[in-house]
Amino acid sequence: MESIFIGLGSNLADPQKQLRSALAAMEEIPNSRLLRCSSFYLSAPIGPGDQPDYVNAVAELELESELPPLELLDRLQTIELAHGRERSVRWGARTLDLDILLFGGRQIDEIRLQVPHPRMAERNFVLLPLAELEPQLTLPAGESLQHLLQNCPQNPLQKI
């Protein structure tokens, strides 16, 4: 069985409610189990324009049978759409963002999906919740999560 870590984020339409609802929807993904979720963290937005703060978390899914990574991505994007996600401005405000951060020990380089997530090392709002779940984690290329955290730009975070 493979553990998959999913980054969750929202800064529109009651972000904490959006994340809780997304977690409930993730529990319905066939042949998987939602194992746990980090605390929620409030973070300043990274992106264009004047945006509200984000609420971020990381969840861990476990696959009970083979689910191809692109199929999981499709299921997560369906959950985003059901939560009103619009993809009009890159890094713009959003009701829900679900990113596959890690898919077991795999390295994936597809047009639609790169795993480990290519920008996670620059985002403490991803690394800190991930470290809450797996503090001694080593990424597929051999980097330790603790090393990434030490070298990550420090966007102010507030645990909710």
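In region 122-140 there is at least one residue that is touching a Pro at 6+ places or on another chain (Cβ under 7 Å), open to solvent by 30 Å² or more (accessible area, probe 1.4 Å) and not in a loop (DSSP other than H, G, I, E, B). Of all the criteria given as (1) more than 25 Å from ASP109 (Cα to Cα); (2) more than 16 Å from the chain's Cα centre (by Cα); (3) free of Cβ contacts under 8 Å to residues at least 12 places away in the same chain, the one not satisfied by GLU27 is (2). Remark: ARG112 falls outside the filter, which requires a residue to be in a loop (DSSP other than H, G, I, E, B), in contact with an Asp or Glu (Cβ under 8 Å, 6 or more places away or on another chain) and not small (Gly, Ala, Ser).
Listed here are the residues, each with its yes/no results for (1) free of Cβ contacts under 8 Å to residues at least 40 places away in the same chain; (2) open to solvent by 30 Å² or more (accessible area, probe 1.4 Å); (3) touching a Phe, Trp or Tyr at 6+ places or on another chain (Cβ under 8 Å).
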{"site": "GLY7", "(1), (2), (3)": "no, no, no"}
{"site": "LEU34", "(1), (2), (3)": "yes, yes, no"}
{"site": "SER38", "(1), (2), (3)": "no, no, no"}
{"site": "ALA44", "(1), (2), (3)": "no, yes, yes"}
{"site": "PRO52", "(1), (2), (3)": "no, yes, no"}
{"site": "PRO68", "(1), (2), (3)": "yes, yes, no"}
{"site": "LEU81", "(1), (2), (3)": "yes, yes, no"}
{"site": "ASP99", "(1), (2), (3)": "no, yes, no"}
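For GLN114, are the conditions met, namely being modelled with pLDDT of 95 or more, in contact with a strand residue (DSSP E or B) (Cβ under 8 Å, 6 or more places away or on another chain), more than 22 Å from LYS17 (Cα to Cα) and among the polar types (S, T, N, Q)? Yes; evaluated as a whole, the condition is true for this residue. Please tell me if ASP14 is open to solvent by 60 Å² or more (accessible area, probe 1.4 Å) and among the charged types (D, E, K, R). So ASP14 passes the test.
Taking residues in region 141-155 that are part of a loop (DSSP other than H, G, I, E, B), and partners anywhere that are open to solvent by less than 70 Å² (accessible area, probe 1.4 Å) and among the charged types (D, E, K, R), the pairs with Cβ atoms closer than 9 Å and at least 6 places apart or on different chains are CYS152/ARG123; PRO153/ARG123; ASN155/ARG123. Put simply, of LEU127, LEU67, LEU98 the only residue that is modelled with pLDDT under 95 and hydrophobic (A, V, I, L, M, F, W, C) is LEU67.
Scanning region 12-54 for residues that are modelled with pLDDT under 95, polar (S, T, N, Q) and in a loop (DSSP other than H, G, I, E, B) yields ASN31, GLN51.
The values are calculated or read from the model by the stated rules, or taken from the named source; none is laboratory data. Just so you know, these numbers come straight off a predicted model, no measurement behind them. Positions of Cβ are generated from backbone atoms using ideal geometry, with glycine treated the same way; all protein chains shown enter the neighbour counts. With ligands, DNA and RNA removed, areas are computed over all heavy atoms of the protein, side chains included. Shrake-Rupley method; radii C 1.70, N 1.55, O 1.52, S 1.80 Å.
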